[in-house]
Amino acid sequence: MGMIASAGRINRATIGPVLRGTLRWKGKVRSPEDHLLAAVDWLRTAQDRCGDGVTGWYGYFIREGRPGWSDAYPETTGYIIPTLLDTAEQSDAPDLPERAVRMGEWLLTLQLPEGGFPGGLKSEVPAPTVFNTGQILKGLHRLWIETSDVRYRQACDRAAKWLADAMSEDGAFRKHLSPFVPTQTQHTYNVRVAWIMLSYARQIDDQRIFEAASANMRFALSMQRSNGWFAENGMKFNDAPCLHETAYSTRGLIECGILAGDEEAVRGAMRAADALLARQRNDGGLGGDFFREDWTPLYGATCLTGLCQMSINWMILFEHTGERRYLEGASRALRFVCSTQNLNSVHSGVRGGIAGSFPVWGKYMAWTYPNWTAKFLIDGLLRIVRLGGWQK
């Protein structure tokens, strides 16, 4: 799960060369394949910095005000695994399955005795966390499908059962939330975890896990306002959730609804997707990174992470409904994000990566290039390629 970053102390002597030419970068949009391969190369670099797991982000002010890479991030490493395997299926990239397996092997070493996985970076306190466990379950489930390695199946069983046990009777997750936001009592965006649980439960025909995930889907629907906005949905700001968090909830409802055959959940996802599509600018961006209950933006920057995610949500809805407005909105969104991707920088942390926000000093993940933004861009570009490329 992303977080709100701040610049901290600035070392001007070392930051200048990296910042130069990158702060307001907008370039010519190339083919989806060009941007996809550049983002994949960035992820390769991010993994190589850590060995097996993937570093969480490259930032301008990581080490005593100097540019650098964070430690590895277990949560996002988990859901990067399917992205690499999907990319390998659609392109000539024979190293990606091996990289995905290395990520999975590293994650197996991190599972806690009760079955959950830790929140935060590798170097932080290993408290079992619902959202992070769900995202790692997604990656290990895919590796079990691809390799038939029983160790992945066993880890998935333990994680999925731990998640079901962590759920309250009304379907909400209220235990084992983020250890970094101790004041929060529930998060609607955990419906993305419910989607992953549903997918795994269908694979192994586990009714208890399926029913627990379905209960969380219904809880998420109960937290949605009539205009599509989700309550109790912010990691830090419940009165104005980030686009990233809104996109998580939207995706969870779409996928749960399709898997469970529940059109009410799909309609809930459509309410949020339609509200944001109506606010999309002609250039494909969204004029906000955090949105109040009436969908007015709290800040002016664009959350590139959430915009990539919404492009995927819109494409899923296009495939579900056949309505081209979703596909066209997704194409505009991805083109906007790609225009911010610097393909020429000499700095490996910038070249091919995607900042959390545009401009880079926006509130969401300020001054950083998160690995999950690159992941969601790749997912979006893989899908737009399958659907025929850039739309007019």
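The values are calculated or read from the model by the stated rules, or taken from the named source; none is laboratory data. Keep in mind the model is a prediction, meaning the values are calculated, not measured. So basically every Cβ, Gly included, is an ideal-geometry build from the backbone, and we count neighbours across all protein chains shown.
Among residues of region 350-367 being outside any loop (DSSP other than H, G, I, E, B) and of a type in the set (Phe, Trp, Tyr), the one that is surrounded by the fewest Cβ atoms within 10 Å (Cβ to Cβ) is PHE358.
Checked against (1) farther than 29 Å from GLN184 by Cβ; (2) more than 19 Å from the chain's Cα centre (by Cα); (3) assigned to a helix (DSSP H, G or I), ILE258 passes all but condition (1). Scanning region 294-333 for residues that are out of contact with any Lys or Arg (no Cβ under 8 Å at 6 or more places or on another chain), part of a loop (DSSP other than H, G, I, E, B) and of a type outside the set (D, E, K, R) turns up THR296, GLY300, GLY322.
Checked against (1) modelled with pLDDT of 55 or more; (2) over 30 Å from LEU387 (Cα atoms), ARG9 meets all criteria but (1).
Of everything listed in (1) of a type in the set (A, V, I, L, M, F, W, C); (2) surrounded by fewer than 18 Cβ atoms within 10 Å (Cβ to Cβ); (3) not in a loop (DSSP other than H, G, I, E, B), the single unmet condition for TRP390 is (3).
Table: residues versus (1) at pLDDT below 95; (2) of a type in the set (Phe, Trp, Tyr).
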residue	(1), (2)
ARG251	no, no
GLU255	no, no
ASP262	no, no
ALA278	no, no
TYR299	yes, yes
HIS347	yes, no
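Each row is one residue, and each column tells you yes or no for (1) of a type in the set (Ser, Thr, Tyr); (2) in contact (Cβ under 8 Å) with a residue 40 or more places away in the chain; (3) surrounded by 18 or more Cβ atoms within 10 Å (Cβ to Cβ); (4) in contact with a strand residue (DSSP E or B) (Cβ under 8 Å, 6 or more places away or on another chain).
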{"residue": "GLY59", "(1), (2), (3), (4)": "no, yes, yes, yes"}
{"residue": "PRO82", "(1), (2), (3), (4)": "no, yes, yes, no"}
{"residue": "LEU85", "(1), (2), (3), (4)": "no, yes, yes, no"}
{"residue": "LEU108", "(1), (2), (3), (4)": "no, yes, no, no"}
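Checking every residue in region 232-241 against the condition of being crowded, with 24+ Cβ neighbours inside 10 Å and either in a helix (DSSP H, G or I) or more than 19 Å from the chain's Cα centre (by Cα) (or both) gives zero matches. Restricting attention to region 169-184, does a residue exist that is touching a Gly at 6+ places or on another chain (Cβ under 7 Å) and either part of a helix (DSSP H, G or I) or of a type in the set (A, V, I, L, M) (or both)? Among the residues of region 169-184, not one is touching a Gly at 6+ places or on another chain (Cβ under 7 Å) and either part of a helix (DSSP H, G or I) or of a type in the set (A, V, I, L, M) (or both), which makes the answer no. Among the residues examined, PHE230 does not qualify as among the aromatic types (Phe, Trp, Tyr) and modelled with pLDDT under 95. Scanning region 196-228 for residues that are part of a helix (DSSP H, G or I), touching a residue at least 60 places away in the same chain (Cβ under 8 Å) and either surrounded by fewer than 17 Cβ atoms within 10 Å (Cβ to Cβ) or of a type in the set (Phe, Trp, Tyr) (or both) returns TYR200, GLN203.
Of all residues in region 47-70, those satisfying the criterion of being part of a loop (DSSP other than H, G, I, E, B) and either of a type outside the set (Val, Ile, Thr) or at pLDDT below 90 (or both) are ARG49, CYS50, GLY51, ASP52, GLY53, GLY56, GLU64, GLY65, SER70.
The condition (being touching a Ser or Thr at 6+ places or on another chain (Cβ under 7 Å), within 30 Å of GLY389 (Cα to Cα) and either not in a helix (DSSP H, G or I) or not acidic (Asp, Glu) (or both)) is satisfied by just one residue among LEU143, LEU96, LEU84, LEU121: LEU96.
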